[in-house]
Each structure stands twice: as C-alpha cells, then as structure tokens.
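Comments concern the structure below.
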C-alpha cells in the first residue's frame, strides 16, 4: 500500500519534526494532526507544517494510511481508544515512545488494531518542547529502534520501517523487552543523573551562576535536565523495574569508586579509569 496520508497524533517538538521531515523528503504526502493545544495546530497549519488538523471530530483519522502516536506514555491508552474508533481498518500505526513494553502490552489486548501496529523509537530529539522548536534535520542519519509485537503483520513492519528510511533514518529491530532494558542504561539513567546533578548544584549557595563555573562536559550533561517534565515522568513510570535496576548498579559502582578515593588508592583509580576509557574509545 502506498502511504499518501499521514496522521500525527500529538504535535509537539517531535511530532512537528516528523511533519517537517516528511515535507522535506516526500512533499506529495498529506499530513494531518491533532493535539490538545489548538494554538499549536493553527500555527502548524499556518506555517505549512501540516495540511490540516482535527480538534474534536477526528475526521482525518479515517483518511490516513499511517498514524504516528506522539503523546506522553501515560496518554497512550486515550490516544489508542480514539484511533480505534475513527481510523480506517487498513491503516498502519506506530509510535515514538521511549519505552516499549507498556505500549506493546496495550496493543496486544486490542485485537482490532494490533496486527497493524509496530513500535518505533527515534534516537534523536531536543530538550526544547513545542512545534515551534521542531526541525526536519534531526532525523538525518539517526537510528530508529523498531519493536514489533507478536501480532504485528510482516506488511506493517515492512511499511513502518520503510517510512523511517524515507526520513533518512537507519532502523534496528529490537524486542520491546530488550529495548526497555538497554534504554534504561543508555538514555533513562543519564537523564536521571542530569536532573540530580542540577539539583545538587542549584542547592550550593557558593555557586550563584553555574555557567561561570562549568565547561562543556557539565553543560552537555545538564542540558538533559531541560527536557519535557511530563514526558520524562511517564518514561520513568513505564519502565520502573529496569530503571531501578540500572540505578542500583550505578549506586553500587559509585560506592566502590567512592571507597577508592577515600582510601587514596591511586593504582586502583587509574586501573578503573583506564579500563573504562578504553571501552569508551573502542565503542
């Protein structure tokens, strides 16, 4: 099936970036959207980011060949209920969520639509929110993790994978379980550390202007703490067991490193740093 109409369910920074990337790479595709923020929808239409939008009637859902869910994780059930009621039967469905077990569990129970669903997670983005901060080029050469569920049809997997490649993305298949375990370490934990680090430093009364005392390393990590709060609260709550496990491993490693420093064990510190540095370089 040729995808002629795409529906973006949630037009924030990521949804807007997808719309712009579609415009840039295949301008013949019609783009429709919905969002709780009517001003964002009107702005997007005025700026030709989308062709038109739904606010309450969802008329364009029934005309769309591909539906992309771009809402916070804990809003998925509501979005899926709406999609299920208004979509056309052959439309493909994907999402861009940062956890996959939750959406997979929801979709497995929805027999009317689960064969049309394949999960996606673009490993790209910005800390800034809203469609006004969207950008077409964030997908160029980026990776998208593709997580099918047991019920996903081969056709759905093929078409959704093909869609991301049209946006110049590289795709990697991964199970929902492996996705959530790996991302808890490579994405979720670093964001938690960023929020904690900013919190610790902001409470230090000796530092009245963080930027005056920080270099690139701190700014790169602290930038993550500017991310969307609702989105990250939902991510943490939908991947609890894996994130708690990652925090525990980090805490244990930090305690061991603290012990090396307190003992003044230069040899062990250098050995530890050398091994981790070499692993970082080799990767």
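Please treat every number below as a calculation from the coordinates, not as lab data. These numbers were taken from a predicted model, which means no experiment stands behind them. When we count neighbours, we look across all protein chains shown, and the Cβ atoms used for this are built from the backbone with ideal geometry, even at glycine.
Points worth noting:
- Computed from Cα atoms, the angle from the helix 266-282 axis to the main principal axis of the chain rounds to 20 degrees.
- Inter-label distance, nm, simple model (7 Å from Cα along the C-beta direction), residue 244/residue 151: 2.9
- Of 76, 213, 272, the one that fluctuates the most in a GNM where the chain has Cα springs shorter than 10 Å: 272
- Fewest-first ordering of 159, 90, 177 by other beta carbons within 10 Å of each residue's beta carbon gives 90, 177, 159.
- Eigen-decomposition of the gyration tensor built on the alpha-carbon atoms of the stretch 75-171 gives equivalent ellipsoid semi-axes of 23, 16, 12 angstrom, largest listed first.
- Taking 11 Å as the cut-off, no amide N atom of the stretch 82-114 comes nearer than this to a point 7 Å along the Cα-to-beta-carbon line of residue 140.
- Per-peptide packing, taken as the mean over residues of other Cβ atoms within 10 Å, places 132-140, 67-75 in the sequence 67-75, 132-140 from highest down.
- Annotation: for a label point projected 7 angstrom from Cα along Cα→Cβ of residue 233, residues of the stretch 74-105 with backbone N closer than 13 Å are 74-75.
- Most mobile of 203, 101, 240 in a GNM of the chain (Cα contacts under 10 Å): 203
- Packing-based exposure ordering (other Cβ within 10 Å, fewest first) of 256, 245: 256, 245
- Under conditions of 20 °C and 1.002 mPa s, the chain yields 104 µm² s⁻¹ as its translational diffusion coefficient, taking Rh as the Kirkwood radius over Cα pairs in the Stokes-Einstein equation.
- Helix-only CD estimate at 222 nm, as mean residue ellipticity for the chain, using -39500 (n - 2.57) per DSSP H run (n ≥ 4): -14500 deg cm²/dmol
- Relative to the dominant Cα principal axis of the chain, helix 154-166 is inclined by about 70°.
- Footprinting exposure proxy ranking of 188, 121, 86, fewest other C-beta atoms within 10 angstrom first, gives 86, 188, 121.
- Ordering of 58-65, 150-157, 112-119 by packing [mean C-beta count within 10 Å, highest first]: 112-119, 58-65, 150-157
- Highest to lowest packing among 247-254, 14-21, scored as the average C-beta count within 10 Å: 14-21, 247-254
- Degrees, to the nearest 10: 13-25 long Cα axis against longest axis of the chain: 60
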